[in-house]
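Input: a single structure, listed below in structure tokens.
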Amino acid sequence: MSSHPQTGQNSSLIRSAPGVPSIRNVNWGGLKTLYVKEVRRFFKVQLQTIWAPAITTLLYLIIFTVALGGRSAVHLGGSTVAFADFVAPGLIVMGMLNNAFANASFSLLVGKIQGTIVDYLMPPLSTAELLAAITGGAVTRAFLVGLTVWLAMLLWPGVHVMPVHPIAVLWFGLLGAVFLALIGVLTSIWAEKFDHAAAVTNFVVAPLTLLSGTFYSVDRLSPVFQAVSHANPFFYIISGFRYGFLGIADSPVLLGSLVILALDVVLGLTCYTLVRRGWRLKN
């Protein structure tokens, strides 16, 4: 028997040298797996994550339309719009934003609390792939809620929710969902318990959403409160989303698109940096 090692056979078993990544580009398989896991997680409890928020949002519309009897109107961009038609797009996107935040703020936080955060950090996924999967799951939930509410509003009498500019609806819906998903990821990185995430929901997300012109036109506010509203990024999301349905808006649509897109980039880079450094994740 020969004592010489079979170098040819052994070398064929080595796929890459130690320390050299075998996945050199995007790990599409891992990205898809984590995304599907995020979607399945909220879809298993769809009564709570999709149908309950959709019904709650629809109840807002029913209360307003029944209470006002369809007689009220809103002056928007030099035109008069029925209040139900005005408030419906805002309610749809408000439900989308809240659920995008709720989904993204849960993923990493529950891993930290249960001690399973290693399941997110150890797989061969880059930081960008990890963030893309978590954000994608949150955006998917947001659009499912928005689609459910929109279909229900189509059947409600006295409300017209057929989009005039469908591209604007999809674009601002996407920008808004990504915006709140990244805020949710940032919250889950910072928070150490569910009370911290609830505090962000109650004292940041909810006030900014309700004070963004969902139920009123900012043109009727005093100049001071108009300036405050224009400093609220939620205002541009709702205004642009409403433009997609009505064809009119109370703010420049292009400006709002650029503002939210810039904020998404800044938030994305911030989340990327924090996750890559393991801030509050690897301690």
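Could you list, in sequence order, all residues of the stretch 234-270 that are without any contact (Cβ under 8 Å) to a residue 40 or more places away in the chain and polar (S, T, N, Q)? Once the filter is applied, which keeps residues that are without any contact (Cβ under 8 Å) to a residue 40 or more places away in the chain and polar (S, T, N, Q), the stretch 234-270 yields Ser239, Ser251.
For every residue, the table says whether it meets (1) surrounded by 13 or more Cβ atoms within 10 Å (Cβ to Cβ); (2) among the aliphatic types (A, V, I, L, M); (3) in contact with a Ser or Thr (Cβ under 8 Å, 6 or more places away or on another chain).
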position	(1), (2), (3)
Phe235	yes, no, yes
Arg242	yes, no, no
Pro252	yes, no, no
Val266	no, yes, no
Leu281	yes, yes, no
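Taking the stretch 187-214 as the range and being exposed (fewer than 12 other Cβ atoms within 10 Å of the Cβ) and among the aromatic types (Phe, Trp, Tyr) as the test, only Phe203 passes.
Out of the stretch 211-255, which residues are more than 17 Å from Gly173 (Cα to Cα), in contact with a Phe, Trp or Tyr (Cβ under 9 Å, 6 or more places away or on another chain) and in a helix (DSSP H, G or I)? Matches in the stretch 211-255: Val218, Ser229, His230. Is at least one residue of the stretch 135-157 over 11 Å from the mean Cα position of the chain (by Cα) and more than 17 Å from Thr57 (Cβ to Cβ)? Looking through the stretch 135-157, at least one residue is over 11 Å from the mean Cα position of the chain (by Cα) and more than 17 Å from Thr57 (Cβ to Cβ).
The single residue among Leu208, Leu180, Leu144 that is closer than 30 Å to Ile248 by Cα, without any contact (Cβ under 8 Å) to a residue 40 or more places away in the chain and in a helix (DSSP H, G or I) turns out to be Leu208.
For the criterion of being within 19 Å of Val169 (Cα to Cα), buried (at least 20 other Cβ atoms within 10 Å of the Cβ) and not aliphatic (A, V, I, L, M), Gly95 passes.
Within the stretch 152-177, take every residue that is in a loop (DSSP other than H, G, I, E, B) and touching an Asp or Glu at 6+ places or on another chain (Cβ under 8 Å) and give me the one that is nearest to Arg280 (Cα to Cα).
So the residue we want is Val161.
Note on the stretch 201-255: among residues that are of a type outside the set (Gly, Ala, Ser) and in contact with a strand residue (DSSP E or B) (Cβ under 9 Å, 6 or more places away or on another chain), the one that is nearest to Leu182 (Cα to Cα) is Arg242. Criterion applied to Asp119, Asp85 was being surrounded by fewer than 15 Cβ atoms within 10 Å (Cβ to Cβ), charged (D, E, K, R) and at pLDDT below 95, and the one residue passing it is Asp119.
The values are calculated or read from the model by the stated rules, or taken from the named source; none is laboratory data. A quick note: this is a predicted structure, and the numbers were derived from the prediction, not measured. Here Cβ is always computed from backbone atoms with ideal geometry, including for glycine, and neighbour counts include all displayed protein chains.
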